[in-house]
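Participant: Got a structure here, written out as structure tokens. Questions coming.
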Amino acid sequence: MPTATSAASKAKTQAKLAVVTPPRAASDPKTSDQRTVQRPLSPFMFPTWYRFQITSALSILHRITGIGLALGSIVLAWWLIAVAAGGELFAATHAFIVSPIGLLLLFCWSIAFFYHLCNGVRHLAWDAGHGFELRTAARSGYAVVAATVLLTVLAWLYVFLA
């Protein structure tokens, strides 16, 4: 006897799938045969339906870092206004930026900056028609991640050692 829980679980699973009936020609003798194919409704089901691909993850990360850069630009504008205003506003702004939270935000912003820069160069290469082969696209993705780490580490070493 099915339980209420299993019925609810089955209904939830069926709601996620689209039932597709393949079209048949009028002359097809199997028109009464109702074969159905269940396919996912959304591509945002990585663990269940789709194999992980570095290019997909980097595309999503490119969008996220773009948003992070926009938000970081607001903080940059706030800092520039504080520099121009001077006095207490600058002191408060500087105290926030050199605090552990401010340094963490600057570090994350620098990661976003270098990632977006490197991935933008990769997209320029794609715009020129280079790097579309699957293996090349995956390798360039890993190169973007490596360059991001390298540039971020070098920038922060310069900040702390200079």
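The values are calculated or read from the model by the stated rules, or taken from the named source; none is laboratory data. Here the structure is a predicted model, which is why all the values come from computation and not from measurement. With ideal geometry, Cβ positions are generated from the backbone for all residues, glycine too; neighbour counts draw on all protein chains shown.
Participant: Does region 100-119 contain at least one residue that is under 21 Å from ILE54 (Cβ atoms), among the small types (Gly, Ala, Ser), surrounded by 15 or more Cβ atoms within 10 Å (Cβ to Cβ) and modelled with pLDDT of 95 or more?
Facilitator: Checked against the condition, which is being under 21 Å from ILE54 (Cβ atoms), among the small types (Gly, Ala, Ser), surrounded by 15 or more Cβ atoms within 10 Å (Cβ to Cβ) and modelled with pLDDT of 95 or more, region 100-119 yields at least one hit.
Participant: Let me ask something additional. Just checking, which of ARG135, ARG122 is among the basic types (Lys, Arg), touching a residue at least 12 places away in the same chain (Cβ under 8 Å) and out of contact with any His (no Cβ under 8 Å at 6 or more places or on another chain)?
Facilitator: ARG122
Participant: On to the next question. Out of curiosity, is GLY141 under 20 Å from HIS62 (Cα atoms), of a type outside the set (Val, Ile, Thr) and in contact with a Leu (Cβ under 6 Å, 6 or more places away or on another chain)?
Facilitator: Spelling it out, GLY141 is indeed under 20 Å from HIS62 (Cα atoms), of a type outside the set (Val, Ile, Thr) and in contact with a Leu (Cβ under 6 Å, 6 or more places away or on another chain).
Participant: Taking the residues in region 96-119 that are touching a residue at least 12 places away in the same chain (Cβ under 8 Å) and among the small types (Gly, Ala, Ser) as candidates, determine which candidate is nearest to SER56 (Cα to Cα).
Facilitator: Here the answer is ALA112.
Participant: Which one of the conditions (1) among the aliphatic types (A, V, I, L, M); (2) under 21 Å from ILE60 (Cα atoms); (3) in contact with a helix residue (DSSP H, G or I) (Cβ under 7 Å, 6 or more places away or on another chain) does LEU134 fail to meet, given that it meets all the rest?
Facilitator: (3)
Participant: With PRO22, PRO40 as the choices, which residue is touching a Lys or Arg at 6+ places or on another chain (Cβ under 9 Å), surrounded by 10 or more Cβ atoms within 10 Å (Cβ to Cβ) and modelled with pLDDT under 95?
Facilitator: Answer to the check: PRO40.
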